Amino acid sequence: MFSLADQLALSRSRPAGFDYMRIVLAATIICLHSANVTLGLDRAMEIVGHLRMLNAMILALFFALSGFLVTASLLRCKSLISFIGLRVLRIAPALVVETMLSAIIIGPIFTAMPLAQYFADSKFHVYFLNIVGDIHFELPGVFLHNPVPDLVNAQLWTVPYELWCYVILALLAVTTICFNRVLYLGFLVFAQLGLACYDIYHWNELFIHLRPHLLVFCFLLGVGFYLWRDRVPFNRATCLFALLLCTAGMASGRCDAIFAAPAAYVACYLGLMNPRRSWIVSSGDYSYGMYLYGFVIQQCIAAFGPSVQYWYLNVLISLPIAFGVAVASWHLVEKLALRLRGQLERFEAAVLSRISIVRFSRRSPRPIELGATLGSSASG
């Protein structure tokens with residue numbers, strides 16, 4: 001059987017599929033948001049409601065691929081110091097800059113309030129809590145006359161759940177569960193049963209996208225596919241069958257938990273494909289910047305009035321601007337922040353050399369002393 005691990009080895013652990021997926025998914029989110037920012041939330045929900053499956057699939061794919069890739073990073077880390085530090089370096093700097101630009105530049109330009117009143121308003125002050133994952137969507141008097149008034153960064157609603165994914169994975173590392181793939185599989189089965197029962201109990205509640213707890217579950221499924229990558233087939237027919245299952249199931253909005261696993265497999269299969277790299281993915285990772293800046297750019301475009309408040313115009317104008325800003329964010333902020341990895345590793349080495357750190361063995365439930373890596377393989 002040709003497995004996910006075999007395909008990963010063929011690409012030397014650097015498949016281009018994940019890079020293309022992130023760009024395409026980020027662009028698709030901007031396209032979907034174009035209905036919100038031009039038609040208003042109520043009308044957009046009526047239209048986008050017919051595309052419920054697309055909304056759900058995009059989120060499932062995003063979180064599942066994140067789980068697969070982050071697990072690889074975890075197993076390369078020596079301790080939770082480097083694991084958590086790398087997550088902070090990847091997420092925080094760009095989020096800090098985007099929050100600052102929105103509050104200090106975009107806000108004063110588009111607010112309907114006097115600047116003195118704008119800077120004194122409590123909404124301005126609490127907006128900076130976005131930096132630590134306490135998400136606030138509004139700035140005082142900003143975008144009041146847009147079809148979607150007040151909202152500045154609606155896309156940031158997923159940030160707290162992404163942070164929860166990292167916290168849960170860190171806890172699974174501390175308890176060694178994610179270093180024993182049989183034990184981790186049992187954990188996933190238990191979670192699957194619980195979430196399926198929850199969906200059945202809440203059968204009459206419909207969401208336009210996946211429920212937040214299922215985002216975390218898709219992430220954890222991505223972790224599971226990485227741990228079992230040598231036993232999971234890399235097969236086109238399997239991918240097509242999984243795609244059929246999850247698209248048909250998620251279209252209804254009921255029992256999403258049952259179809260999360262097929263969606264996670266689709267994410268892993270597509271991500272492990274290795275097409276020729278273009279300059280778009282070889283020059284940097286621009287998906288995070290597109291995600292961060294897309295909605296606020298779309299709101300800025302919509303603020304110019306009814307003449308540009310058509311979804312297709314919003315896409316045509318916003319998408320290239322968002323990509324350009326994402327390129328700048330990568331080269332001026334994100335890439336520079338990741339260069340601090342060497343300092344992080346030196347700090348970690350210094351800490352590990354001075355204090356007794358418990359390392360977790362993948363072969364024993366008991367923690368043992370001293371320090372090779374936190375985990376280097378997914379043996380069961």
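The values are calculated or read from the model by the stated rules, or taken from the named source; none is laboratory data. Remember, it's a predicted structure, so these values are computed and weren't measured experimentally. Counting neighbours? That spans all protein chains shown, and the Cβs are built from the backbone with ideal geometry, glycine included.
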Open item on the list: Condition first: of a type in the set (A, V, I, L, M) and more than 25 Å from the chain's Cα centre (by Cα). Now tell me which residues in the range 302-326 satisfy that.
Closed with: A302, A303, V308, L313
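Suppose we filter the range 331-348 for residues that are among the charged types (D, E, K, R) and without any contact (Cβ under 8 Å) to a residue 60 or more places away in the chain; how many remain?
First pass over the range 331-348, keeping only residues among the charged types (D, E, K, R): 334-335, 339, 341, 345-346, 348.
Right, trim to without any contact (Cβ under 8 Å) to a residue 60 or more places away in the chain and you get 335, 339, 346.
Of the residues in the range 331-348, 3 are among the charged types (D, E, K, R) and without any contact (Cβ under 8 Å) to a residue 60 or more places away in the chain.
To keep it simple, each residue is scored yes or no on (1) in contact with a Ser or Thr (Cβ under 9 Å, 6 or more places away or on another chain); (2) hydroxyl-bearing (S, T, Y).
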| residue | (1), (2) |
| --- | --- |
| S11 | no, yes |
| G17 | yes, no |
| A27 | yes, no |
| L74 | no, no |
| V96 | no, no |
| T111 | no, yes |
- [ ] Quick one: in the range 69-88, of everything that is small (G, A, S) and surrounded by fewer than 20 Cβ atoms within 10 Å (Cβ to Cβ), which residue is farthest from T176 (Cα to Cα)?
- [x] G85
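Of all residues in the range 302-312 being in contact (Cβ under 8 Å) with a residue 24 or more places away in the chain and assigned to a helix (DSSP H, G or I), which is farthest from S102 (Cα to Cα)? Write out each step before concluding.
To start, the set of residues in the range 302-312 that are in contact (Cβ under 8 Å) with a residue 24 or more places away in the chain comprises 302-303, 309-312.
Narrowing the set further to residues that are assigned to a helix (DSSP H, G or I) leaves 302, 311-312.
Working: A302: 16, W311: 23, Y312: 24 Å.
Filtering the range 302-312 for residues that are in contact (Cβ under 8 Å) with a residue 24 or more places away in the chain and assigned to a helix (DSSP H, G or I), the one farthest from S102 (Cα to Cα) comes out as Y312.
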TODO: Look at the range 313-360 and say how many of its residues are surrounded by fewer than 17 Cβ atoms within 10 Å (Cβ to Cβ), of a type outside the set (D, E, K, R) and not in a helix (DSSP H, G or I).
DONE: 4
- [ ] Kindly indicate the residue of the range 341-365 that is farther than 25 Å from Y184 by Cβ and polar (S, T, N, Q) and also modelled with the lowest pLDDT among those meeting that condition.
- [x] S356
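Can you pull out every residue in the range 1-42 that is part of a helix (DSSP H, G or I) and without any contact (Cβ under 8 Å) to a residue 12 or more places away in the chain? Can you show your working first?
Residues of the range 1-42 part of a helix (DSSP H, G or I): 4-10, 17-39, 41-42.
Residues satisfying the conditions are A9, V24, D42.
So which of T247, T238 ends up being touching a residue at least 12 places away in the same chain (Cβ under 8 Å), assigned to a helix (DSSP H, G or I) and more than 21 Å from the chain's Cα centre (by Cα)?
Numbers: T247 fails: more than 21 Å from the chain's Cα centre (by Cα).
Every option except T238 fails the conditions.
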